[in-house]
Amino acid sequence: MGISYEPLWQTMKEKGISSYRLEKMGFNRATYHALRKGRSVSTNTIAHLCRLLDCRVQDVMEYMTEEPVIERTVADIFNEMQREKFGG
């Protein structure tokens, strides 16, 4: 469980805002990198991003109920490759 900042990256892309431009708008570079690493930030930081990007909280972050899980094992991948190669 946790917070994902994936909506932020999408919002920045849609609005044509680079990390450099965000910094020039007054957003701290170290805080940007903390977000990139998925670290916790304050609600003041989220509010600052919303002001700078003229967006809503959900355009910056989302609550994830589960951490992504890799369900395929090496054996699964090997078996899949064998089926593709030899049919069946």
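The values are calculated or read from the model by the stated rules, or taken from the named source; none is laboratory data. All of these numbers come straight from a predicted model, not from anything done at the bench. Neighbour counts run over all protein chains shown; Cβ positions are idealised from the backbone, glycine included.
Values computed for the structure shown
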| read-out | value |
| --- | --- |
| Where a residue in region 59-88 is under 30 Å from I17 (Cα atoms) and its partner, wherever it lies, is modelled with pLDDT of 75 or more and small (G, A, S), with Cβ under 7 Å and at least six apart | M61/S4; E62/S4; M64/G2; M64/S4; E67/G2 |
| Residue ranges of helices (runs of 4 or more DSSP H) in region 14-55 with at least 3 members of a type in the set (S, T, N, Q) | 43-53 |
| Single match in R29, R72 (criterion: touching a helix residue (DSSP H, G or I) at 6+ places or on another chain (Cβ under 7 Å) and either at pLDDT below 95 or not aromatic (F, W, Y) (or both)) | R29 |
| All positions within region 31-49 that are more than 14 Å from the chain's Cα centre (by Cα) and among the small types (G, A, S) | S42, A47 |
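Residue by residue, here is whether (1) basic (K, R); (2) at pLDDT 95 or above; (3) within 17 Å of Y63 (Cα to Cα); (4) surrounded by 12 or more Cβ atoms within 10 Å (Cβ to Cβ) holds:
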residue	(1), (2), (3), (4)
S4	no, no, yes, yes
K13	yes, yes, no, no
L22	no, yes, no, yes
M25	no, yes, no, yes
K37	yes, no, yes, no
S40	no, no, yes, no
